[in-house]
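Below is one structure, written out as structure tokens; comments come after it.
The values are calculated or read from the model by the stated rules, or taken from the named source; none is laboratory data. Values in this document were obtained by computation on a predicted structure and should not be read as measured data. Note that we place each Cβ from the backbone using ideal geometry, even for glycine, and neighbour counts take in every protein chain shown.
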Amino acid sequence: MARYVYDFDEPSGGGRELLGGKGIGLAEMTLMGLPVPAGFTITTDACRAYMQTADLPKGLEEEVAEHVRRLEGKTGKRFGDAGDPLLVSVRSGAAVSMPGMMDTILNLGLNDDAVEGLAARTGNRRFAFDSYRRLLQMFGEVVDGIDPHRFEDALSELKAQRGARQDTDLTAEDLEQLVRTYQEIYTTFPAEPTEQLIRAVRAVFDSWETPRAQVYRRANDIPDDLGTAVNVVQMVFGNKGERSGTGVAFTRNPSTGANELYGEFLANAQGEDVVAGIRTPQPVESMAEVLPAAYRQLLETLRRLEERYRDMQDVEFTVEDDRLYMLQTRSAKRTAAAALKAATDMVDEGLISREEAVSRIDPGQLDQLLHPMIDPASAPEPATRGLNASPGAASGAIVFDADAAVARSATGPVILVRFETTPDDIHGMIASQGILTVHGGMTSHAAVVARGMGKPCVAGCDELELQNGIARLAGTELREGDVITIDGGTGNVYIGEVPLVAPQLNDDFETVLRWADDLRRLKVRANADTPDDAARARDFGAEGIGLCRTEHMFFGEERLAVVQEMILADDEPGRRAALERLLPFQQSDFEGIFQAMAGLPVTIRLLDPPLHEFLPSEEQATSDKMRARIRSLREANPMLGTRGCRLGLIFPEIYEMQIRAIARAAKSVGNAAVVEIMHPLVGFPEELRRLRDLTERVWSEEAPDVPRAIGTMIELPRACVRADEIAADADFFSFGTNDLTQTTLGMSRDDAEGKFLARYLEDGVLERNPFEVLDQSGVGDLMRLGVERGRGVKAELKIGICGEHGGEPRSVAFCHGLRLDYVSCSPYRVPVARLAAAQAALAEAGSAQYVAAGG
Ligand code: PEP
Ligand code: MG
């Protein structure tokens, strides 16, 4: 029969997938001889079976009962015992960490008899009833869905009656009375401990399917069928008195990566108080004074854990009567800056190799460092300051709840402002640019989740008053929609919008990227249309321009009038006369770009969009002729109309002018970049053949001695399928996966996103937005065909990608697998692509080693 339960000290052979992250950590810490309370893990197999049948798998209850008996044997305590009761916590733990997503129940095993046993045994009646009222509240909330406010209100009311400021000011009698009040609120609490346990296990399994967990999984790309394990752990008590407490600690600073202890500690409290940000904790160093022995042991344990895992760890611990217990260890969530610093430090310390350092950094997370930040030179005085909980700056309209965040984010950036956040706010946090909370510390829910998402967060901003949809800040009243700016790197909060500047790469970033550059095979270029963009791209390490769009060279005050004149001209000579006047402008544009990219390849794409984009709307037309022309150029579906090379073939003089401008610029800039002229939207080999002839002819007139390459974008399924024929006239291909996705899927991006595609993603018809993450099995398969057929006739054919996907880590890995020569993406994503390309090479080398080893 299938086995579903393992004690922490029993080998399972199943690892993290089977035991979940928390379970494997507890098992491994137990094995290392660290102080871990006794307990057992119910596997993810059991959860998956439960999800399939909506019932606990056969035999599970008996197996749990057997492990409870063993736990009773180990601890010498019995479930429900009126003398010395066994109490356990029930904690969820999936293979992938989902902070705050799943539910935990503490003090399970208490009832009216056991609470007396606990009071007698500990000689601490206050503690016993405090534990009991917590169980009633947590169990009621998690298992029976009782509104938590009903418990909280009862507690606040009692505190008010007694004039108590803190929970700890309440006496044993007060708490006994509170238990009775809770029992009136929650009448169906099961007294029998085994029943409590089984119902709690079910509730944890159920919590895997809650909307907030689903939203979190979707946002973090976690498969829905992983399931969660359940850990049943003997209770240790941090709320037993002043010799007890609870805390969280990181082996390094999760915000900066500095190799220093970082954490928070709360005396005389249970873990939930810290994580939920209900009471404001002390820095963990404060333990050194009050609990010196446990503190020393904690330091030693952290050292051993980091050595064992060779990675930064984040732990939860409890001290009960001076004794330290470890409740969790896991690889620490950290900011991108911290990840880079820790990685380079660990290489310096000899703890990990450069390859490991490179493979550990989440390329998507680097985004955090590549966003604009507040310009220190021009920043005004902040209105107030909170904790710098997650770095980055953001401006946006204030919203006060998660649903409003989602609604308003459709029209512009929003900042979610809350007293504190809970897992129920997750959809609002995803929709927001940044998060500001009044309450809570660096390890509060808001701080932890924001760091994980790479969003700016300022927490614990206690000068901010929130009431009835109004925020009061430094004497100003702010309402929903008013704009504020937060800087999660400094904790500063500003009223209004504050100017942001481009980020600077720090030394750790440069170091890791240099290591990545040594490892990758794919080249990384940038999509850049102006000398400024080109220069920025170079700063970020771009090895060329993979796509220089030229549309903007037809706009601009002095140019648009000439372009319109060209479009309105009656015949070719008329058009040529206008184009003649455009040429010098464009030549100088190209000169600027070639100078910025001296020595590197620059791929210039000739004009792509339909001509009517350069004309005003019919109502705004200034003449009858223009009105008529607008009407004649109107297309039912411009996306599939006279655009791309079709335009170039119908009005060859436009492309001719562009080619002439490029050739003259290349000739005049001495150390010119390597020029690659690219024709858009080719579908038939004859299109490219004719355009190649045109390009060659003009080039030989202007700059016969200057080298150039002529190629095409691959943006149509037909071009992929007939890549062999098209390759005959191409020196290079560049996959335009924006259009290739539209044309393969038959979805116009503008009409899909925010409309039916949003629904598809919500309903799970599609897992990902194919315009962001390459549809590998559909669009990607066409690309594969294009590469095979193109290189089949021309082995040296250079192939790249310049659609948005070129900067998306998974898509970059896919391009590596296709053996493309380069990816090209926006300048800000160049570092992300460099890292992703290195990781793809490492993964390939890793699997090659695996094959070589006969695995
Ligand atoms: C593409 O289609 O992928 C592309 C890069 O071209 P554009 O986005 O300009 O259509
Ligand atoms: Mg395109």
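Things to note:
- Among the residues listed as Leu766, Leu681, the single one being within 16 Å of ligand 1 (Cβ to nearest atom), of a type outside the set (Asp, Glu) and not in a helix (DSSP H, G or I): Leu681
- The residue that is farthest from Asp693 (Cα to Cα), counting only those in the range 706-725 that are more than 16 Å from ligand 2 (Cβ to nearest atom) and part of a helix (DSSP H, G or I), is Val721.
- Residue match in the range 262-277 (condition: at pLDDT 85 or above, buried (at least 23 other Cβ atoms within 10 Å of the Cβ) and under 23 Å from the mean Cα position of the chain (by Cα)): no
- Residue, farthest from ligand 2 (Cβ to nearest atom), within the range 734-760, restricted to residues that are surrounded by 16 or more Cβ atoms within 10 Å (Cβ to Cβ) and either modelled with pLDDT under 85 or hydrophobic (A, V, I, L, M, F, W, C) (or both): Leu757
- Residue within the range 526-535 that is more than 30 Å from Asp624 (Cβ to Cβ), outside any helix (DSSP H, G or I), away from ligand 2 (no atom under 16 Å from the Cβ) and modelled with pLDDT of 95 or more present: yes
- Taking the numbered list (1) in a helix (DSSP H, G or I); (2) at pLDDT 95 or above; (3) β-branched (Val, Ile, Thr) in turn, Ile567 passes all entries but (2).
- Among residues that are within 16 Å of ligand 1 (Cβ to nearest atom) and aromatic (Phe, Trp, Tyr), Phe651 is not included.
- Any chance Val830 is β-branched (Val, Ile, Thr) and part of a loop (DSSP other than H, G, I, E, B): no
- Matching option when the condition is closer than 17 Å to Leu647 by Cβ and out of contact with any Asp or Glu (no Cβ under 7 Å at 6 or more places or on another chain), among Phe540, Phe555: Phe555
- Of everything in the range 130-170 that is in a helix (DSSP H, G or I) and among the acidic types (Asp, Glu), the residue that is farthest from Asp206 (Cα to Cα) is Asp169.
- Qualifying positions in the range 727-744 - within 16 Å of ligand 1 (Cβ to nearest atom) and either assigned to a loop (DSSP other than H, G, I, E, B) or more than 30 Å from Val602 (Cα to Cα) (or both): Gly736
- All conditions in (1) of a type in the set (S, T, N, Q); (2) without any contact (Cβ under 8 Å) to a residue 40 or more places away in the chain; (3) surrounded by fewer than 21 Cβ atoms within 10 Å (Cβ to Cβ); (4) touching a helix residue (DSSP H, G or I) at 6+ places or on another chain (Cβ under 7 Å) hold for Thr422, with the sole exception of (2).
- Lone unmet requirement of (1) surrounded by fewer than 24 Cβ atoms within 10 Å (Cβ to Cβ); (2) within 13 Å of ligand 1 (Cβ to nearest atom); (3) not polar (S, T, N, Q) for Arg718: (2)
- Test: residue in the range 433-447 that is β-branched (Val, Ile, Thr), touching a helix residue (DSSP H, G or I) at 6+ places or on another chain (Cβ under 8 Å), crowded, with 24+ Cβ neighbours inside 10 Å and at pLDDT 90 or above: yes
- Taking the numbered list (1) surrounded by fewer than 22 Cβ atoms within 10 Å (Cβ to Cβ); (2) outside any helix (DSSP H, G or I); (3) modelled with pLDDT of 95 or more in turn, Pro11 passes all entries but (3).
- Set Asn527, Asn492: member being closer than 24 Å to Pro831 by Cα, among the polar types (S, T, N, Q) and in contact with a strand residue (DSSP E or B) (Cβ under 8 Å, 6 or more places away or on another chain): Asn527
- Checked against (1) away from ligand 1 (no atom under 16 Å from the Cβ); (2) assigned to a helix (DSSP H, G or I); (3) at pLDDT 95 or above, Met783 passes all but a single condition, namely (1).
- The selection criterion, being within 24 Å of Asp81 (Cα to Cα), in contact (Cβ under 8 Å) with a residue 12 or more places away in the chain and in contact with a Cys (Cβ under 8 Å, 6 or more places away or on another chain), does not hold for Val179.
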